[in-house]
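Report on the following structure.
The values are calculated or read from the model by the stated rules, or taken from the named source; none is laboratory data. The structure presented is a predicted model; accordingly, all values stated were derived computationally and were not measured. Cβ coordinates were reconstructed from backbone atoms using ideal geometry, including for glycine residues, and neighbour counts include every protein chain displayed.
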Amino acid sequence: MFLITGATGNVGRHLVAELATAGHKVRALSRDPASARFPTGVEVAATEDLPLDGVSAVFVNPAVFWNGFGDLLDRCREHGVRRVVMLSSSSTLGAGPDNPIGEFHLAAEQEIEASGLEWAFPRPGAFDANALNWAREIRAGGVVAGPYAEAATAPIHERDIAAVSAAMLTRDDLVGTRPVLSGPESLTFVDQARIIGEALGKHVRYEGLSREDARAAMLGGGHMTPEIADSLLNLWAKYVGRPAEISPEVERITGRPPRSFAEWAADNADRFA
């Protein structure tokens with residue numbers, strides 16, 4: 001059986017479906033099991049219970065363990081869990097004092113490696129789903145305001161992250177790997193806004209903000225620390241004027257090309273309407 005933490009998240013819900021469709025036994029964790037909706041046959045349990053009986057491999061969404069793993073890894077060993085697949089980040093490649101996101105994921109990787117359990121770490125860059133942060137502005141008038149309009153990334157569809165993660169849970173040849181994952185094309189924020197508009201059949205544009213105004217907006221909701229805001233702004237500034245690097249790993253691991261941002265926009269058009 002596979003235990004999936006963060007099972008209702010952008011990646012987790014697709015991973016649960018991918019494994020269940022392939023006929024695997026899945027236990028999906030949710031903070032609210034009563035309202036969770038998963039494919040028929042999927043066992044649902046509460047996140048705080050973290051039941052590990054009968055589990056052979058665990059998928060870890062580190063957002064669930066932002067304050068540390070606690071006794072998770074010890075309990076995995078005690079219950080005979082063989083493998084941990086953790087959703088990491090390509091930001092680990094530039095981990096350092098000015099990159100708290102990379103530092104967090106790298107420290108989590110190192111803790112799992114030191115546990116003695118089998119491990120594998122998919123390292124995606126930007127998610128296609130990050131564009132959902134623009135949904136309110138797009139519904140309100142079709143103008144997205146943000147920094148560094150010409151910053152280029154290669155965002156990846158969360159279904160492709162899930163497909164790679166499923167392969168890591170089920171295949172021995174991927175143990176001990178940490179592939180960087182990307183989507184199939186380099187896109188600026190301007191490009192992404194335009195593509196969402198095409199999926200909606202309306203004009204959507206990205207309007208650049210100054211770094212100062214963008215930082216104030218990022219901190220205004222109270223959900224982001226100044227350190228993370230500055231880290232993201234510094235990263236986007238580096239991406240201006242240069243194409244994003246495209247990784248071959250999704251196709252190498254899954255046997256098919258990664259899905260385009262246009263496919264993601266079409267899949268999620270109702271969330272912007």
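Each residue in region 3-32 was checked for being more than 12 Å from Leu50 (Cα to Cα), modelled with pLDDT of 95 or more and more than 17 Å from the chain's Cα centre (by Cα), and 8 pass. Among the residues here, Gly116 does not qualify as buried (at least 16 other Cβ atoms within 10 Å of the Cβ) and touching a residue at least 12 places away in the same chain (Cβ under 8 Å).
Taken as a whole, the condition of being assigned to a helix (DSSP H, G or I) and acidic (Asp, Glu) applies to Asp74. Is there a residue being surrounded by 18 or more Cβ atoms within 10 Å (Cβ to Cβ) and more than 21 Å from the chain's Cα centre (by Cα) anywhere in region 234-246? There is no residue in region 234-246 that is surrounded by 18 or more Cβ atoms within 10 Å (Cβ to Cβ) and more than 21 Å from the chain's Cα centre (by Cα).
Report yes if some residue within region 130-144 is touching a strand residue (DSSP E or B) at 6+ places or on another chain (Cβ under 7 Å), under 26 Å from Pro257 (Cα atoms) and of a type outside the set (S, T, N, Q); otherwise report no. Looking through region 130-144, none of the residues is touching a strand residue (DSSP E or B) at 6+ places or on another chain (Cβ under 7 Å), under 26 Å from Pro257 (Cα atoms) and of a type outside the set (S, T, N, Q). Considering Val42, Val58, the condition of being more than 17 Å from the chain's Cα centre (by Cα), touching a residue at least 24 places away in the same chain (Cβ under 8 Å) and either surrounded by 19 or more Cβ atoms within 10 Å (Cβ to Cβ) or within 22 Å of Ser182 (Cα to Cα) (or both) is satisfied by Val42 alone. With the structure loaded, tell me whether Ser88 is part of a loop (DSSP other than H, G, I, E, B) and modelled with pLDDT under 95 or whether it fails that test. It is false that Ser88 is part of a loop (DSSP other than H, G, I, E, B) and modelled with pLDDT under 95.
No other residue among Gly141, Gly146 is within 18 Å of Gly208 (Cα to Cα) and modelled with pLDDT under 95 apart from Gly141.
Selection of helices (runs of 4 or more DSSP H) fully inside region 208-273 by the criterion of at least 3 residues being among the hydrophobic types (A, V, I, L, M, F, W, C) returns 211-220, 226-239, 261-267.
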